[in-house]
Every structure is written in structure tokens, then in C-alpha cells.
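As C-alpha cells, the structure follows; a few thoughts come after it.
Here, each number is a calculation from the coordinates, and none is a lab measurement. This is a predicted model, so every value here is computed, not measured. Backbone-built Cβ (ideal geometry, glycine too); neighbour counts: all protein chains shown.
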Amino acid sequence: MKVSIIIPYRNEMSMLVDCIDSLREQSVGDFEAVIVCAKSSHDDIDEIKRMQTEFPLHVYSLPEDRDGVAAARNFGIEKAMGEFVLFLDCDDYLTLDAFEHFLGSSEGKDIVYAGRKYTWQGRKGYYNEKRKKLEERGLEEAVSDDDEDFDKDIFLREMPEKSDNDEDWENVFSPIINSNSMITGITSLGILFRRALIMEKGIRFDESYIYNSDLTFITKMMCDTKNVIRIRLTLYIKRHHQDPVNMPALCQIEDSLTRLHEVMRAYMEMKQILAPVGSELTENYLDGKFIKYYVRRIAPYYMRGEKKQIPGVYEQASKCLPLIKEPALKRCMRYSKRLIKYSMEHEASEIAKKVRSHARWQTFKRTFHNWERIKHYFYRKKYATAPIEQNLIMFESFFGRNYSDSPRYIFEYLNKNYPGKYSYVWVHAKGKKLDLPYPARQVKRGSVSYLKELGRARFFVMNVRQPKFFIKREGTTFLETWHGTPLKRLVFDQDEVVFASPLYKKNFWMQAKQWDYLIAPNKFSSDIFRHCFMYDGNMLDTGYPRNDILHLEAKESEALSSQIKAELGIPAGKKVILYAPTWRDDEKLAAGEYAFSMQLDLDRMRERLSDEYVIVLRMHYLIVDAIDFTKYQGFAYNGSVYDDIARLYLISDILITDYSSVFFDYANLRRPMLFFTYDLDKYAGELRGFYFDMKEEIPGPMLFTTDEVIDAIENIPAIEDKYKEKYDAFYEKFCGWETGESSKKVVEEMISASLETVISEK
Ligand code: C2G
């Protein structure tokens, strides 16, 4: 057995699957995997044992009296049979050709060290992104030809014999010195270690460390061998967790006191281990890394309070700082140098003052270089501290791109039923003032006036998330209406967010914590919203205000329909097909802007349907691609310029959609729906994943070509007949709460509860 891969495991099953898959797909290999499960993960052991692999997979549980990564790795070392061991964390993975390179270079070596890369993504996302990057550069390289950072040829470097020549010797310590990271960036991951050397020298991970046992382990290993080879290719992918709220990686856990103490202890021990080796340069690099840690983590910690609140940190730092040697100090930045010297002569509270004034100066420099930051500075310091305007309500729908959705109907309800009681401000997107039926101030999203209003409004009604910098002031009320029943998995229910920012989950969590009320359109959504947003505020189980309009009296509804058709120039005698697809996560053009590739063949539809029908095309608000309508005059109409999709539902006889939440709303009308799901496998599998099996629940056929769509339209009565029962069940489940009174219910609940708050505050 050539290599034993030691994998400590703790409750991260979905990530372990990815990790094991990366081993399954190695092109060469004579290895075994040794998985060591921590106490808290014993429930998963059977599932792990059932994993099918072509290589031997040994699963152990850590004895009751041992815990932590260090213990799991040591236990793995005891069980390992390979000539080498390699430490792999269960949330990380190896590149496809890792073993080919590792084994190809391992002959006669004690340590084979390769490059690591950090990512926020699992393998699927990582390789997708890589493929995309390659495509953008016009390359068609196989994804396994890894690493844009290095030349494609492997660059192997034999380490020199230990000698007095520091210049050479430094390379032996490349894991320690060859990066800009702080001391905490040193790791034992992704390195082949000759097992005989570990056993012979009795080197183990120190189990008294929680976070930083790697530091002394790797230092000891490096000091005990001459035989190191470095592969200048990325073979190890280290993964940050996208859900640091529920499942933070060790490196994502905020610097706690324990970690500060551990790092300082490890630094002192590493210095002791290195002392007999006598490599000044290596020590200097290590000192440099420690200086960075001190300046960025330890000294700022003093700002949290007086000495008594930071037990032992100051004392321990006082022992570490004198160990830093002059050459390392000479090489570091002026502020770092001064801070170290100052720290050796002053108390923690004085150091805290120095750090604070430096931080203020840095913030000032950063802020006043950038107009956006200046605006946000004033928002924080001035607008969000000004008196709150007690009757001011701010509305925003789809980032101000239109006057629509539930905020619109809440606004109209308030104006009709509470005239003169409130004042209003609506947010509009750049270059698009809104056409409002009642008086309201309008502010451009992101402008200074917008920030002023954001600072002083008493109520907020928004259907997407508020900006990240938003400060939720005491005594204000935030009503999040959201914008649809979820079919697509959302936020914390997504295993992996492939296309959004890796901080998506964390940001979402912070934002949802600021919501006082969240509207649910049905019981199904109400339940899901709780876990997908990790939301524990007030849920308004009222149905969507935006769907009130779908429950007007027949006469009123017909009159409104004729008016809307006239606005769009649609001939009264024609039936209307509404095509309203959703957006695709992988068609991103820029932040908040997506492309859409039209798969419905409009020429063909016109040919077969134009005598009886017209089609209104309504793109999702994130789509910026324009369709040329001039070609289809009299048949296809641009519904995307229309503010509110609910009014388009009203005029349409048939809806064609895909995975968009529009079908939950449209069902209120009980009119026929067709599902043009030409990319179902990709969408449901790769892009999002669904909360339920579409085929089972949707009250209409899934269609995959334009001809199938046309055939269905020509046979609508038969389809209505076929799906009648399903439609009834669907209506009951998703539309039952919506009776045309949702705006009223929301306004009454929100306003009365908020008034109570104001009264009790007084
Ligand atoms: N929408 C629209 N036109 C479309 C598609 C959607 O006006 N062609 C509007 C509808 O009001 C719809 C809302 O945007 O309900 C959300 O659109 P989805 O297609 O469902 O996609 P998404 O914005 O990702 O929201 O919980 C719902 C999910 O968040 C989905």
C-alpha cells in the first residue's frame, strides 16, 4: 500500500461525499482511505461504511475519551498501512490528477509537498468555474490540467542537503515560509509524509491543541528530514464553508481566546524546535508570520476591553514578543514594527488606544478615497442617527426596477384606507422613475437622498433583501414581503450555492435577522421560509397582497382586463398567451444582470397560432437581454416593459412558464398552465434543486419543444380536463389563503403591532 489518506470526520456528510468522489476519480492510485469519526458523528458511521469504493475504505470511530482533529489524525496514523500518509480534511478534496503527481515524485522521498488552493465551492462549482474561465480564454483544456497559476509542466524541485547555506535551506521550510499568510496559514494538509519517519521519530499531533496542532507537527517533520520534494502544482483544494452560520470550518471560527493562546503557544514551541537547526532565515520568516498575526489579531483583541477581560493574552504575548528577532522586525511594515516595540513597553489598554487610532486612520483613508464609502459613512454617522420620521414608509420592489408586487398593493391599500395618515417614499432604479398613482417622494437606489430616507423611515416594505449596509434602527419596522412560493431551493436549503457570492448564506442570515415581519403566501411557504431563511421573526400567514387583484369581482376584473389590453395595444378579439420564464443562474452577465436564450420558436408559433392568439413575453426582472419585437408585430408583445406581472395574468388565457414561482400565483385564476421545461435536468439537478417533484404536483403538462407547446395550446380543453383534479389539489395547497384580502390583513397586522410598539416605547 503506497498511501494512507487520513480523513477526520465530523458531521459534514455532503462534503465528505465530494471528498470521497475526488478519490474515486483519481487516474492512478494505490491508496486506502482511513476515516476517523468524531464522537458527535457516530450516527453517520453506517452511512459512511456503505459507501462503495474501488479502494479500501476503513471507517473508525474515535474512542470516547479522545476528541478533536489532532486526536483523529493520530488515531489514523496508528491505523495506517501505507508507505506514506496524507492528511485530507473531509470538507476538502484533491484535484483529479493529484495521485499521478504525488506518486510520480515520491520515490525515495520523505516528504512530497504540493500546492493548495482555497475555494468556497465543492467540486461541481469549482470545476464549472474553471471550465468557464478556460472557455472565456478560448481554451479547451481538460479540467484535470489543473492550475492556472503555474506552468502546465510539472516543476519539481529537489531540496538540498541541510547545509549552512540558509538560502538553500529555506526551501525545506517552504510550507512555512512560502506564502504571505499569517502563522495560522501553516498546515499539514495535502502533503505526503513517509510513515516510517513519523513512526521512527514518534512525531504526533499535539492533542492539547484544538485549532493549531499542525504548526508543531509540520515543524518537527521538516526538521527531521532532508528528503523533501516540492510539486509546483495545485493538488489540494481547501474549502471554506458557505454556511459559516451552521457549519463553520475551523479556520472560519472567529478568533477566540483559545485560538489566540494556542497560536502564541505554538509559536514559542516552534521557535524551540527550530533553535537547534540553526536556520536564521527560516526563523525570520516564522517571526514575520507571527508579527502579522500579532498585528492583525492579537493587538486588536485588546480593544475589546480592559486587561482583566482578556485573561492571560497580554501576559502570553509579553513572553512571545521578545522572541522576535531584529531581522524580521526590520523587514516588516513601519506600523507593525512600531506596534511590536510599543507593545513590549506598554500595558494592554495603551496598546488598544494605539491600535484604535491606527484603525480609525485606516478607515478614514479608505473611506475618503471612494465616493460610495463616503456616502455610506454619512449614512452611518448622520442619516441613521437623525430623528426617525414616525409616519414615513419606504417601499421598494425588485430593486426599484418597477412599481409592482406586494409593496405596490400594500401602498395602494394604505392610500385608499388610511388617507393622509402616512407619507411615502418609493425607491426607483437608475434611469427609471416610477409611475405612481398616489403622491410619494421618489429616490434613486444608491443615491444620497435614498440613504437619507433609508436612515429616517419608520417602516420599510421590500420584496427583495435590503442592502447589506442597512442599519435596522430601534423603533423601526421592517416588512419583508418576499416574492414567490419557492419551488427552487433557497439559501440554507441549498447544499451549495454555485453561482452566487460565497458569502450569500452568511449575508442572508444577517439580513433576515433584521426583518420584523415576513409574508407567507401559503402554509407550504410559511414552513419553508422558517428553515430556508433561518427566520424566527413574525410570519404573516396572510397570502400575497400582490394576488388580491386576481380575486376581483368578475365585472371589475373584465373592465380592468380590457383597460390593460388597450394599454398594451392588444386587439380585444384575440386570446392571450403569457410566456413568463424564470432566469438561469449560469447566464450571468454582471451583478444582478442575466442573459436569456429564447427557446420558444416564435416564427413557428405565429405560423400556427396567430389567427386566434397573441403572445405576451414577460422576462424575469433580472434579465437584461432585449428581444426584437418588430419582427413579430401584431403577434408578440413586450410584456417586460409592463410594471406588474399580476396585471398580465389578468389579461391572459393561458400561461406558459417553467420553474418560475409565477405559476403558484397564476393558479389563483384557475386558468390553464403549460410548463416549457426544455432544460429540466440541468435546472433541477445542476443549477438549483427543487422542493418537490414537479411532475407529481404541477397542474399542467411539461413540454420540451415548441411543437409540443403549440399542440398543447391547440388542445387546451382536453388538457384542462386531464388536469382538473390535480389543479384542484394544487389550488387548495398553494392558493387557499388568497381570497383578495391579503393587503388588508398584512396592513392591519403590521400597523397595529407597530403602533403598539410606538405606544409602549413612549
Ligand atoms: N417574475 C416576473 N416575470 C417573470 C418571472 C418572474 O415578473 N418572467 C416575478 C414574479 O412576480 C415572480 C417573481 O418575479 O413571482 C420571482 O420570480 P421567480 O421566477 O420565481 O424567480 P426568483 O426571483 O428566483 O424567485 O421564493 C421564490 C423564489 O425566490 C424565486
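Of the GluC sites (Glu not before Pro) found in segment 497-593, the ones in coil according to DSSP and having at most 14 other Cβ atoms within 10 Å of their Cβ are 553.
Are any of the pairs 365/505; 444/513; 505/724 more than 28 Å apart by Cα-Cα distance, and if so, which? Let's see the in-between values first.
Details: 365/505 30 Å; 444/513 25 Å; 505/724 39 Å.
From the list (365/505; 444/513; 505/724), the Cα-Cα distance tops 28 Å for 365/505; 505/724.
Counting other C-beta atoms within 10 Å, which of 482, 583, 361 has the fewest, and how do the rest follow? Let's see the in-between values first.
Numbers: 482 24, 583 18, 361 11.
Listed from fewest to most nearby Cβ atoms, that is 361, 583, 482.
For the chain, the relative contact order comes to 9 percent (Cα pairs under 8 Å, sequence separation of at least 6). Sequence-ordered 3J(HN,Hα) estimates for segment 541-547 from the Karplus curve with 6.51, -1.76 and 1.60 and θ = phi - 60° stand at 7, 10, x, 8, x, 5, 9 Hz, glycine and proline given as x. Expressed in Å, the radius of gyration and Dmax of the Cα atoms of segment 540-697 are 16.1, 47.
Please identify every one of the GluC sites (Glu not before Pro) in segment 400-496 that sits in a loop by DSSP and has no more than 16 other beta carbons within 10 Å of its own beta carbon.
474
In sequence order, segment 462-469 has phi-based couplings of 9, 10, 10, 6, 6, x, 4, 7 Hz under the Karplus curve 6.51 cos²θ - 1.76 cosθ + 1.60, θ = phi - 60°, and Gly or Pro positions carry x.
Among 371, 737, what is the fewest-to-most ranking by other Cβ atoms within 10 Å?
Numbers: 371 8, 737 19.
Ranked by crowding around the Cβ, least crowded first: 371, 737.
For the chain, adding -39500 (n - 2.57) for each run of n ≥ 4 DSSP H residues and dividing by the number of residues yields -11500 deg cm²/dmol at 222 nm.
Computed over segment 1-131, the Cα gyration tensor eigenvalues convert (square root of 5λ each) into semi-axes of 23, 19, 13 Å, ordered from largest to smallest.
Which parts of segment 449-480 would a label at residue 373 reach, counting a residue when its backbone N lies under 19 Å from a point 7 Å out along Cα-to-Cβ? Only 468-470 pass the distance filter.
Extents of segment 506-630, taken as max minus min of Cα coordinates on every principal axis and listed largest first, are 53, 42, 23 Å.
Output the Kirkwood hydrodynamic radius of segment 598-648, Cα pairs only, in Å rounded to one decimal. Don't skip to the answer; put the middle values down first.
Working: mean 1/r = 0.0847 Å⁻¹.
Hydrodynamic radius (Kirkwood, Cα only) of segment 598-648 equals 11.8 Å.
Annotation for segment 592-697: trypsin sites (Lys or Arg not before Pro) lying in DSSP loop with at most 16 further Cβ atoms inside 10 Å of their Cβ are 670.
In debye, nearest 20, what is the charge dipole magnitude of segment 632-744 about its Cα centre with +1 on Lys and Arg Cβ and -1 on Asp and Glu Cβ, if you could check? Provide the component values of the computation, followed by the final result.
Details: 11 positive and 22 negative charges, 53 e Å.
Computed about the Cα centre, the dipole is about 260 debye.
Restricted to Cα atoms, segment 534-577 shows a radius of gyration and a Dmax of 16.4, 50 angstrom.
The shape of the chain can be summarised by an equivalent ellipsoid whose semi-axes, obtained from the alpha carbon gyration tensor, come to 56, 34, 23 Å from longest to shortest.
Would you count, across segment 557-664, every pair of lysines whose alpha carbons are under 25 angstrom apart, provided the pair is eight or more residues apart or spans two chains? Lysine pairs meeting the criterion: 5.
For segment 407-476, take the alpha-carbon Rg, divide it by the Kirkwood Rh, and send me Rg/Rh. List each step's numbers first, then the result.
Values: Rg = 12.4 Å, Rh = 13.1 Å.
In segment 407-476, Rg relative to Rh is 0.94.
Close amide H partners of residue 207, meaning residues 5 or more places away or on another chain with modelled amide H under 5 Å apart, do not exist here.
Ranked highest first by average number of other Cβ atoms within 10 Å, how do 609-615, 391-397, 330-336 line up? Intermediate values should be presented prior to the final figure.
On the way: 609-615: 16.7, 391-397: 23.4, 330-336: 13.1.
By packing density, highest mean first, the sequence is 391-397, 609-615, 330-336.
At q = 0.14 Å⁻¹, what is the base-10 log of I(q)/I(0) for segment 356-442 according to the Debye formula with one equal point scatterer per Cα and no solvent? Please give it to two decimals. Taken in order of the listed q values, log10 I(q)/I(0) reads -0.66. Note on residue 330: lysines with a C-alpha under 21 Å away, same-chain residues under 8 apart excluded, are 271, 289, 292, 319, 341, 354.
Over segment 403-514, what is the relative contact order in whole percent, taking alpha-carbon pairs under 8 Å and six or more residues apart?
Reported as a whole number, the value is 21 percent.
Placing unit charges on the Cβ atoms of the charged side chains and taking the dipole of segment 554-675 about its Cα centre, the candidate lying farthest along the positive direction among 594, 655, 640 is 655.
Write down the Kirkwood hydrodynamic radius of segment 291-376, to one decimal in angstroms, obtained as one divided by the mean of 1/r over all alpha carbon pairs. Write out the running numbers ahead of the final one.
Working: mean 1/r = 0.0717 Å⁻¹.
After inverting the pairwise mean of 1/r, the radius is 13.9 Å.
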